[in-house]
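To keep things clear, I will list the structure first and then write my remarks on it.
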Amino acid sequence: GLLGVLADVAARRGQYDAAVAWLHKAIAAKPGDFGVRHQIISLHLEHNALSAAAEAAQQALAIDPGDIGLMHRMSEVAARQGDMQEALVWAQRAIDANPDHSFSHSHLSWMHQLNGDLQAAASAQRQALACAPQEQLHLRRMSELLFRLGDNAAAFRLADRLIESHPDQVANYLHRAWLATLHGDVSTAESVLRTAAEVAPDNIDALRNLTDLVAKRGDTEQALLYHERIVALRPWDSATFDLLASVQLYARNLSSARQALERAVELAPNNAQLMRRLSDVALQQNDLTAALSWAERAIGGRPHDPHGYNHLATVHWRAGDLAAAAAAVRQGLQHAPDAVFLMVRLSDILDWSDDIAGGFEWASRAVAQHPKDPGIYSHLHTLYLRHADLPRARQVLLDGLAMAPEDAGLVRRMSEFLARTGDTAGALAWAEKAIALQPQEAGGHHLLAELRLQSGDLDGAEQAARRAAILAPADNWVKRRIAYIGLQRRSAG
């Protein structure tokens, strides 16, 4: 209806409060219009207003307790609040309401994956396929889970069969290219994307992925040629120039990247994310005045978005004003009191400001509010290390791993901690476990290369570093490390 349209216009302008007000009027006029109710839930979620999203979903469920879509929403909100048990409960309720609804099984699979249980995720996804064996979205999801479980061959076979059976569906090519990229096989990824661009020459997603991949491997000239095709198709789309900025950033052409982002903001003047990105580029150019201006404009456009305050804190930090950085985060927490990343950020800022008690207090609040978020334990571990309390640093990691034993980030932290305490063998074992959990993450291979280098295993160090280079071809640190290993090898020889 008209009120929903007015809400959408207000939201696009960054006027969150006005959009919410229009939607409340629409709901009051037609309480049974579930399209509007889903619209307000989406709006709250977009602005990270998780409590408001949950309240809106519960109000709708009071009218129709059997609405599966609303159960999915409640599950998503709980997951974003860090309560994975509640998220799983709501996901199971949706299945109980309609066991034949394939997307409910797929949603449960996603929740299990967020909870770090890939086996349960795969089992739920198989149920989704039992309900809808030919659903391509479910098949792609199954392929992804097989890959994450380490059965790369089966994942690739399933992805290849999807392309063979549906050669006109670009989404299947994009999925296969994504798997190849995660596997570190950039040449296969590029080949698949080229085929997708031939199958559908005007498909924007294929061209964008191809442009980004080629730019990442350092071929800026070819990336710009692909980008010209995108400009011809979408000259009015801000995403076109956002991508151009990425191409220029990979090549470290900061001035060109800034020009591209300025054009993107001209096309989408209320896009806070583009403004933050422009602020970040200005920051990289050491133009603190422009960085601060764009950061503040981004908040003005979306005052309820906690990410804007987090970015503003970064700008103040770079300017050396920790008090202003802390104030920015506190302001963000007023709008998004559930935003765990802001709690962690405030903890870090206070600790660096020599307010050690305040740093630990906010870290403890974050743990209490989100006890199953692995990132909080990683942050608390860092605080204890910073203050040379090794026993507590170790215990925090153990607590986090008890909550999330399959979290690759915590596993890497344990490896780093053991290396710090002189347990090289233990550090290597944990580093290899981290890679097994997250083989596509270049950081794990970075770490393994360093540990092998420290233990004198030059061949193993080079192998790990080269793997990292495949996964992160634009990372100059890896290139320097490979050169250093070669120098060490020549010195040893």
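What follows is calculated from the coordinates using simple rules that are stated; it is not laboratory data. What you see is a predicted model, and the numbers here were worked out from it, not measured in a lab. Positions of Cβ are generated from backbone atoms using ideal geometry, with glycine treated the same way; all protein chains shown enter the neighbour counts.
Worth a mention:
- Spin-label pair Ser51/Asp399, simplified geometry with 7 Å Cα→Cβ offset, distance in nm: 2.4
- If the segment from Val5 to Asp96 were pulled out straight at 0.36 nm per residue, it would be longer than the present Cα-Cα gap by 29.3 nm.
- Inter-label distance, nm, simple model (7 Å from Cα along the C-beta direction), Ala492/Asn270: 6.1
- Gained length - Ala425 relative to Gln58, 0.36 nm times residue gap less alpha-carbon distance: 127.0 nm
- At full extension, Arg126 and Arg365 could sit 82.2 nm farther apart than now, given 0.36 nm per residue minus the alpha carbon distance.
- Here's the picture: charge each Lys and Arg Cβ at +1 and each Asp and Glu Cβ at -1 in the chain, and of Asn115, Ala91, Leu288 the one pushed furthest to the positive end of that dipole is Leu288.
- Shape call, the stretch 416-493: gyration tensor on alpha carbons, a/c limit 1.5: oblate
- Glu164 paired with Val89, simple spin-label distance in nm, labels 7 Å along Cα-to-beta-carbon: 4.6
- Evaluating 6.51 cos²θ - 1.76 cosθ + 1.60 at θ = phi - 60° for every residue in the stretch 62-70, the Karplus couplings come out as 5, 7, 9, x, x, 6, 5, x, 5 Hz, glycine and proline recorded as x.
- The calculated FRET efficiency for the pair Gln259 and Ala232, based on their C-beta separation and a Förster distance of 22 Å, comes to about 0.70.
- Between the stretch 315-394 and the stretch 90-138, the C-alpha centres lie 36 angstrom from each other.
- Relative contact order of the chain, pairs being alpha-carbon contacts under 8 Å that are 6 or more residues apart, as %: 9
- From phi via Karplus (6.51, -1.76, 1.60), per-residue ³J(HN,Hα) for the stretch 281-294 in Hz, x at Gly/Pro: 5, 4, 5, 5, 8, 6, 8, 5, 5, 5, 4, 5, 4, 5
- Gyration tensor (alpha-carbon) shape descriptor, the stretch 58-116, a/c threshold 1.5: oblate
- Ordering of 356-364, 168-176 by burial proxy (mean other Cβ atoms within 10 Å per residue, highest first): 168-176, 356-364
- Centre-to-centre separation between the Cα atoms of the stretch 200-251 and those of the stretch 400-467: 34 Å.
- 3J(HN,Hα) along the stretch 433-447: 5, 4, 5, 4, 6, 9, x, 8, 8, 4, x, x, 6, 3, 4 Hz, from the Karplus curve 6.51 cos²θ - 1.76 cosθ + 1.60 with θ = phi - 60°, whole Hz, x for Gly and Pro.
- Three-way shape label, the chain, alpha-carbon gyration tensor, a/c 1.5: rounded
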